[in-house]
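Single-structure report; data block below.
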Amino acid sequence: MNRALYDAYCRTTYCANTPSGRLAIHIDQCDAQLDLLLADHACRTWAYLTACNPGSTALSAEENERRQARLESKLRAGGWTCFAGEAVGAGGDWPPEASLLVLGIDEATAKRLGKAFEQNAIVVGCLGKPARLVWLSPTAPHP
């Protein structure tokens, strides 16, 4: 278990560019602007996903772009509404990661995609509820 890595994920700001403005999602916090976006799209659930840097291992920009394009293609083929953004770490020692805010996706599907793209964690939420970090790595931390 890597508690420092888990804590870094919890301190990250998960940003998304939407028609109503830029969202800044934080773990264990509700976001009224996100709730309005969900309501506008008749959705109750959301997830924040990336395909970049699997297992927190830095890849080249080109490889991350390829992986992210595959993820976005899968999501759009599934009919989900996606908004691009980036996850920005609080420490400034890790470059922002391209990510997608996905509306209407259920947690189980989001977890499958996160695992398929070898991510340590995903962020999920539901209308009116705080954002949650869901650890996917086999070495799950115990907060």
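The values are calculated or read from the model by the stated rules, or taken from the named source; none is laboratory data. Since the model is a prediction, treat every value here as computed from it, not as a measurement. Counting neighbours? That spans all protein chains shown, and the Cβs are built from the backbone with ideal geometry, glycine included.
When the range 19-55 is examined, which residues are found to be buried (at least 17 other Cβ atoms within 10 Å of the Cβ) and small (Gly, Ala, Ser)?
Within the range 19-55, Ala47, Ala51 qualify.
Okay, residues lined up against (1) touching a residue at least 60 places away in the same chain (Cβ under 8 Å); (2) closer than 21 Å to Thr13 by Cβ:
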site: Leu38; (1), (2): yes, yes
site: Cys43; (1), (2): yes, no
site: Ala47; (1), (2): yes, yes
site: Thr50; (1), (2): yes, yes
site: Asn64; (1), (2): no, yes
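I'd like the full set of residues that are among the hydrophobic types (A, V, I, L, M, F, W, C) and within 15 Å of the chain's Cα centre (by Cα), limited to the range 70-91.
Taking the range 70-91 as the starting set, the residues that turn out to be among the hydrophobic types (A, V, I, L, M, F, W, C) are 71, 75, 77, 80, 82-84, 87-88, 90.
Selection gives Leu71, Leu75, Trp80, Cys82, Phe83, Ala84, Ala87, Val88.
Looking at this structure, is Asp93 among the acidic types (Asp, Glu) and in contact (Cβ under 8 Å) with a residue 24 or more places away in the chain? Lay out the reasoning, then the answer.
Working: among the acidic types (Asp, Glu): yes; in contact (Cβ under 8 Å) with a residue 24 or more places away in the chain: no.
Considered against the rule, which asks whether it is among the acidic types (Asp, Glu) and in contact (Cβ under 8 Å) with a residue 24 or more places away in the chain, Asp93 comes out as no.
Which one of Leu49, Leu23 is among the aliphatic types (A, V, I, L, M), within 13 Å of Leu101 (Cα to Cα), touching a Gly at 6+ places or on another chain (Cβ under 7 Å) and modelled with pLDDT of 95 or more? Outline the logic, then answer.
Working: Leu23 fails: touching a Gly at 6+ places or on another chain (Cβ under 7 Å).
None of the others qualify; the one that does is Leu49.
May I ask you to say which residue of Val124, Val134, Val102 is surrounded by fewer than 18 Cβ atoms within 10 Å (Cβ to Cβ), under 21 Å from His26 (Cα atoms) and among the β-branched types (Val, Ile, Thr)? Working first, answer last.
On the way: Val124 fails: surrounded by fewer than 18 Cβ atoms within 10 Å (Cβ to Cβ); Val102 fails: surrounded by fewer than 18 Cβ atoms within 10 Å (Cβ to Cβ).
That would be Val134, the only listed residue that is surrounded by fewer than 18 Cβ atoms within 10 Å (Cβ to Cβ), under 21 Å from His26 (Cα atoms) and among the β-branched types (Val, Ile, Thr).
Is the range 83-90 home to any residue that is under 25 Å from Cys30 (Cα atoms) and in contact with a Gly (Cβ under 7 Å, 6 or more places away or on another chain)? Steps first, please.
Going through the range 83-90, the residues under 25 Å from Cys30 (Cα atoms) turn out to be 83-90.
Imposing the further condition that a residue be in contact with a Gly (Cβ under 7 Å, 6 or more places away or on another chain) reduces the set to none.
Looking for residues that are under 25 Å from Cys30 (Cα atoms) and in contact with a Gly (Cβ under 7 Å, 6 or more places away or on another chain), one finds none in the range 83-90, hence no.
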